[in-house]
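No value in this document is a laboratory result; all are computed from the given coordinates. None of these values were measured; they are calculated from a predicted model. In this analysis, Cβ positions are derived from the backbone assuming ideal geometry, glycine residues included, and neighbour counts consider all displayed protein chains.
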Amino acid sequence: MSSEKNKPTVQTTGHAWDGDLQEYNNPLPNWWLWTFYASAIFALVYWVLYPAWPVGDSYTKGVMNNITYTTSDGKTTTTHWNTRALYLKEMQEARESQKQYLEDINASTFEQIASSEEKSAFAYSSAKVLFADNCAACHQTGGDGVIGYYPNLLDDAWLWGGSYSKIQESINNGRNGSMPGFKASLTTKQVSDVADYVLSLSGNNVDASAAKRGKKVFAGQGGCVACHGADAKGQTFMGSANLTDKIWTIADVDGADTAEAKKAAVVDLVNNGKTRQMPAWKERLSATEIKILTFYVKQLSASK
């Protein structure tokens, strides 16, 4: 009996059928109703303010203020508010905000850029995009290159010189590097001996007697000293590699697992030579873009 008294009263609509069949009243929560009403009001306001409804072959333009912007080719346009016009206006404002920075970069030396936190941050961030768009296809996104094809820009081993002026010259004018093959002018034995000598220059374990013979070929019949120099440290004016620094840009010595594989990589290079070309960018990029790219590439190197 007490349980019947404590049973909660169920709200009904007051309708009844067949005497005792009633319709319950289960109203939606107030928070849900207010959210629904707010959404409806927001939609109405949005339809008035912004482009929304299609009308024939056009659409309602909304009552938001018109947007005026200037494109990169100097054309000024005024149009009703829309996301494309807003984007173009923001791009215009970004160009204008960068203009002063670019003028400062043009007026500064590389050393001044490097010593200014603000200038170096702007140059680095801008050049990173340029590098990704124009250089990463060969030198890879991080600048570590591809052995045998594209130089590593991180190791501070500059074939053509690593000063700001030399790097800028490389980007401007491109580079043509060529090492001739010697399989027609040297015997198999001589090539093998030269490979032993070259490997010995960077501290690899080799046959000492073969390396001694190879040194004579290197300085004599092979003519290797003409490019790599008597000390085998290379010559930047012609892009010849330093053979003593343990940095390999073409023969993948570091990637070889055995002494035989290391030697095979060098023998292949001496026999067949290698030709590589870097295109000139002075006709594709502006002087300012090349300048900030030069700064960026220099910062990638180990010496900064």
*If you plug each phi of segment 119-130 into the Karplus form 6.51 cos²θ - 1.76 cosθ + 1.60 with θ = phi - 60°, what whole-Hz ³J(HN,Hα) values come out, in order, with x for Gly and Pro?*
5, 5, 5, 5, 4, 5, 5, 5, 5, 4, 5, 4
_Reported label for calculated volume of the Cα convex hull per residue in Å³ given (1) 217; (2) 379; (3) 175_ = (2)
*To the nearest 10 degrees, how steeply does helix 164-173 sit against the main Cα axis of the chain, on a 0 to 90 scale?*
80 degrees
*Around Met278, what is the net charge, scoring Lys/Arg as +1 and Asp/Glu as -1 over all other residues with Cβ under 15 Å from its Cβ?*
+4
*What does the charge add up to near Gln221, with Lys and Arg as +1, Asp and Glu as -1, over the other residues with Cβ less than 13 Å from its Cβ?*
+3
*Using mean Cβ contacts within 10 Å as the protection proxy, how do 81-94, 42-55 order, highest first?*
81-94, 42-55
*Nearest-ten-degree value, helix 30-49 long axis tilted from longest Cα axis of the chain*: 70 degrees
*How would you classify segment 1-140 from its alpha-carbon gyration tensor, with a ≥ b ≥ c the square roots of the eigenvalues: rounded for a/c under 1.5, else prolate if a/b is greater than b/c, otherwise oblate?*
prolate
*Find the all-direction average of the projected area of the Cα convex hull for segment 125-300, expressing the result in square nanometres with one decimal place.*
10.1 nm²
*Rounded to whole Å and sorted largest first, list the principal axis extents of the Cα atoms in segment 67-107.*
40, 17, 10
*asked:* To make sure I understand the rule: partners must be lysines, Cα under 22 Å from the Cα of Lys282, and not fewer than 8 residues away in the same chain. Which ones qualify?
replied: Lys99, Lys128, Lys166, Lys291, Lys298
*Starting with the fewest neighbours, write out Asp156, Asp18 ranked by other beta-carbon atoms found within 10 Å of each beta-carbon.*
Asp18, Asp156
_Ellipticity estimate at 222 nm from DSSP helix runs (n ≥ 4, -39,500 (n - 2.57)) divided over the chain, nearest 500_ = -15000 deg cm²/dmol
